[in-house]
1. Of all accessible surface on the chain at a 1.4 Å probe, what whole percent is carbon and sulfur?
2. Could you list the square roots of 5 times each eigenvalue of the Cα gyration tensor of the stretch 98-166, that is, the equivalent ellipsoid semi-axes, sorted largest first and rounded to whole Å?
3. Can you give me the distance in nm between label points at Arg281 and Glu166, each placed 7 Å from the Cα along the Cα-to-Cβ direction?
4. When the chain is modelled as a GNM with alpha-carbon springs shorter than 10 Å, which of Ile228, Ile61, Ile299 fluctuates the most?
5. Which whole-number percentage describes the relative contact order of the stretch 181-253, with Cα contacts under 8 Å and a sequence gap of 6 or more?
6. Averaging sequence separations of C-alpha pairs under 8 Å and six or more residues apart, then dividing by the length of the chain, give the relative contact order as a whole percent.
7. In a Gaussian network model over the chain where Cα atoms closer than 10 Å are linked, find which of Arg119, Arg142, Arg196 has the largest mean-square fluctuation.
8. Determine the calculated [θ] at 222 nm for the chain from helices alone, applying -39500 (n - 2.57) to every DSSP H run no shorter than 4 residues and normalising by the residue count; nearest 500 deg cm²/dmol.
Amino acid sequence: MDYIKYWFAKPYQVEKQINHWLEKHHDLMDIDYVTQYVGLKAYSITITNKNTPSQDKEKMILTVPHAHEPAGTVACMNVINQLLTGYNFDGTKSDIPNRSSILDKCVLSFIPDANPDGRSRAPVDYWDGTKYTNDEFWTFMRGRDPQTKKMWKRMGKWSIRNEFPETIGIVYEQLNDHEYVEPNRDFESAYFHLVRRVWNKYGYGRWLDIHQTEFENSQYNAMIILPIVQNELPDNIQKVNMQWADEIVKQWQVIGGNPIPESKPLGYTGEQGEYFRKTWREFMPMIPEITTEIQNNNIRTHPNMQARLQEVAIKTSVSLIIE
């Protein structure tokens, strides 16, 4: 499929498609949302056959926290369309072999864009490595430092009353007239508000967090990251995380991806590591959770391949929970 022709990643595109689905498939979906300070809505799209009881269904949440990582949004939207209609956006038949069984046996909640504020400020629809160097891309992502003119520092929640980047990166969500937040690093973000809402509503047995990174100076273009506290988790969750990661890596190799063969825990230490321990320790001991990383802003991995790799990760994850 040519994903570029159906690159539904900007907030207005996501919202328009959700409304279209609701008109035709309201019996298979539920919508939850959180309205950001700027007025845009971050949506959760839950897919299941609502005519079958949900208490014994397998439940998974799939999330795209970062505005500068649009391929995950595109993949989520196309998988949702396949689950609802049996077809890709281009009209070709879905390769999901057991769609009815998935709808009957699963509750799948997709948050395809947790920061529409940031995504709406992106200068391009996708990052393919032809328009901007990574140094330039990073100034869009985190903002530009007024002294160095390069990427500004990484923050969790911060205020323009105390911090003074030359430009504000699209990774950040505006919380009020002076505060900003990186979605997956602070509970005040729309991302975590929405996660808590649907978590309390459905409960989940797995969590796929969908990301992109640049793999600069690396031969690889994909990897699975295990939780930062992987080695501290209960043995059964550690085992599921590893098996899950290994299967996605295998399926990426099948379609011509070049993933890092061995999946490892998130390697952040110090202040950056503490952000993740603080915000994620509530969830990580409870259920299996892994993170995809697909190459962004590099001519080696075209946006079509970026979206395809993410879609394979999503479909592989769904197939595992209904085995």
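1. On the way: 6470 of 13740 Å².
Heavy-atom surface of the chain belonging to carbon and sulfur, 1.4 Å probe: 47 percent.
2. 36, 18, 9
3. Result for the modelled spin labels: 3.8 nm.
4. Ile299
5. Working: 21 pairs, mean separation 11.7, N = 73.
Reported as a whole number, the value is 16 percent.
6. Values: 615 pairs, mean separation 70.2, N = 323.
Over the chain, the number comes to 22 percent.
7. Arg196
8. Numbers: 9 runs with 114 residues, N = 323.
Helices in the chain give a 222 nm mean residue ellipticity of -11000 deg cm²/dmol.
The values are calculated or read from the model by the stated rules, or taken from the named source; none is laboratory data. Please read all numbers here as calculations on a predicted model, not as lab measurements. Glycine also receives a Cβ, built like all others from the backbone with ideal geometry; neighbour counts cover every protein chain displayed. Just so you know, the surface numbers come from the protein's heavy atoms only, side chains and all, with ligands and any DNA or RNA stripped out. Shrake-Rupley method; radii C 1.70, N 1.55, O 1.52, S 1.80 Å.
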